[in-house]
There are 2 protein chains.
Amino acid sequence: MSGNVPTRVMDETGTWREVQVTGEHPLTLLVNNRELITLMTLGTQPELLAVGWLRNQGFLHSPEGLLSVVAVPVAQTVVVFLRSDLSGWEKKLAKRTVTTGCGQGTVFGEWVEELQTQKVTPLQLKQSTLYGLLRNLKHCNEVYRESGAVHGCALCEEEEVLFFVEDVGRHNAADAISGHMLLNGISGAGKLFYTTGRLTSEMVIKTAQMGISALVSRAGVTRMGLDLARRLGVTLISRAGGKHFLVYHGAEHLILDIKNQKSPEPS
Amino acid sequence: MSGNVPTRVMDETGTWREVQVTGEHPLTLLVNNRELITLMTLGTQPELLAVGWLRNQGFLHSPEGLLSVVAVPVAQTVVVFLRSDLSGWEKKLAKRTVTTGCGQGTVFGEWVEELQTQKVTPLQLKQSTLYGLLRNLKHCNEVYRESGAVHGCALCEEEEVLFFVEDVGRHNAADAISGHMLLNGISGAGKLFYTTGRLTSEMVIKTAQMGISALVSRAGVTRMGLDLARRLGVTLISRAGGKHFLVYHGAEHLILDIKNQKSPEPS
């Protein structure tokens, strides 16, 4: 249920050639025998996506809360059993905010009110480390290069890419990383989150939910993404590519250790 | 409640400068006194977004169905009254598919079953016309150029851009165009839809829902987008920029009228 599909296309000269098209499949989450939602996904990490989605929507807070997660590819379904009985589910469903994200789009419940508790601990980040990380990330984005229709997200530590996921939406990729962290007991402390997509409110929230204090993207920033980053203490680095970047929040946590720099002003 | 906001950022040399950040605001749809949904939007076209969203979700089929639509910026709300009483709303809410789109993400109801009725009538499109249109579209994408965090969508006819909308997600922009068409009695026949974003299933569905038979993007195509384009008869032109494009579906409707071309194979 995953991967790319070869397809014949015609270019502007009338020449036919074979290209790769990103697979995009429905994946239904059956949680405690209830059909909760259907996500559109590349499908490479169905279990991690299911677990991370439930975590980021506030239905799962620890590995102990998860009794079982099994992907059933033939039914395009992930069957999940949680220890808790999904009480309050209808209430959460009732108030819905559709966010700006690619491939996700729905955050249930009153997350804005819950955000105060989630301020993250800032990470000191060297410019040289960031450059090294950006170099390492270049090797990751394979599906994107082939088909141009996916976003990648990465959990990183120093220069190292710990876990990289691509999906048709960056929010699926972020959820899958969140699921990976929950299942493997990985803390967000000292980590950095990278995405190929824009830094919207939802990406900042997900980053803070994972306990990660620095968010890096090669794309732009939205206003609400910036507002939330200030509120949650997430260092926001945008337009990061090669030797360039712009720090939208948390410039005091960047250590400019490459020569011929000016000193940063206090923010 | 709309537009860009100037913000001070630090670049990689430690230099501080002012950039524009895309405004991203919640917009709640209050429909027949019911709080239906909150969308995150740039906020330039709240009424059109509300009307188009209701249309594309299947709650509004004609201008007669709409009694009133009023944006209340201070409350970040659009107040809508529909002639119909939203019956079946809970049932539609119960089955949700989160799609791949930016800034939208939720299509209620059993849209897949309803799609058979929506096959569009193909449009013959000259290559020279497409190139002219791509030139004209270059002038449109202003917010994107400033902040890099929005997507643009355009309703086009021949080389002309009839209506252009930018938003934090391309699906909001598509919905606003749909609302514009409904309110102004504009048919999709003979029109072309352009988006800066990827051609996902949701974009193809929205295009067909508007009765438009050709969808053009500078970005890539997903598998389900391609499958739906084949099913709905939507000509799918991807990677369109300058003098280049790739036709993923409907190559027989492209008239290659620029010299030094090969003849297209039948698809």
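Each reported figure results from applying straightforward, stated rules to the coordinates on display, with no laboratory input. Predicted, not measured: the structure shown is a model, and the values here were computed from it. Cβ: placed from backbone, ideal geometry, glycine included. Neighbour counts: every protein chain shown.
Using the structure shown, select from A:Lys206/B:Lys138; B:Lys119/B:Lys259; B:Lys191/B:Lys243; B:Lys138/B:Lys191 the pairs with a Cα to Cα distance greater than 26 angstrom.
Correct reply: A:Lys206/B:Lys138; B:Lys119/B:Lys259.
Can you list, shortest first and in nm, the gaps between the label point of A:Glu160 and those of its counterparts in the other copies, using a point 7 Å from Cα in the C-beta direction?
6.1
Under the convention of a label 7 Å out along Cα→Cβ, give the distances in nm from A:Ser128 to the same position in every other copy, shortest first.
6.0
Taking a spot 7 Å from the Cα of A:Lys138 along the direction of its beta carbon, which residues of the range A:227-251 have an amide N less than 11 Å from it?
Only A:242-243 pass the distance filter.
Counting only other chains, what is the mean number of Cβ atoms within 10 angstrom of the Cβ of each residue in peptide A:215-227?
6
Please list 3J(HN,Hα) in residue order for the range A:250-255, calculated via the Karplus relation 6.51 cos²θ - 1.76 cosθ + 1.60 where θ = phi - 60°; whole Hz, with x for glycine and proline.
Computed from phi, the couplings for the range A:250-255 are x, 4, 5, 8, 8, 9 Hz.
Round to the nearest 0.05 the FRET efficiency obtained for A:Asn33 and A:Glu158 when R0 = 41 Å and r is the Cβ-Cβ distance.
0.40
Nm distances between the label at A:Ser62 and the same-position labels in the remaining copies, 7 Å along Cα→Cβ, shortest first?
Nearest to farthest, the other copies are at 5.9 nm.
Whole Å is fine, so just give me how far the alpha carbon centre of the range B:146-213 lies from that of the range B:56-71.
Taking the Cα centre of the range B:56-71 as reference, the centre of the range B:146-213 is 18 Å away.
Which of A:Phe163, A:Phe81 comes first, and how do the rest follow, when ranked by fewest Cβ neighbours within 10 Å?
A:Phe81, A:Phe163
Taking other Cβ within 10 Å of each residue's Cβ, how do A:His171, A:His244, A:His151 sort, fewest first?
Ascending number of Cβ neighbours within 10 Å: A:His244, A:His151, A:His171.
When A:Asp227, B:Asp175, B:Asp85, B:Asp257 are ordered from fewest to most other Cβ atoms inside 10 Å of their Cβ, what list results?
Fewest-to-most ranking of A:Asp227, B:Asp175, B:Asp85, B:Asp257: B:Asp85, B:Asp257, A:Asp227, B:Asp175.
Please give the FRET efficiency for A:Val72 paired with B:Arg230, using the beta carbon to beta carbon distance and R0 = 41 Å, rounded to the nearest 0.05.
Efficiency at R0 = 41 Å is approximately 0.95.
Return the distance in nm (one decimal) between the two label points of a simple spin-label model at A:Asp257 and A:Glu18, each offset 7 Å from Cα along Cα→Cβ.
Between A:Asp257 and A:Glu18, the simple spin-label model gives 4.8 nm.
Under 5 Å between amide H atoms, partner at least 5 residues away or on a different chain: which partners does B:Ala214 have, H built in plane at 1.01 Å?
B:Phe193, B:Thr235
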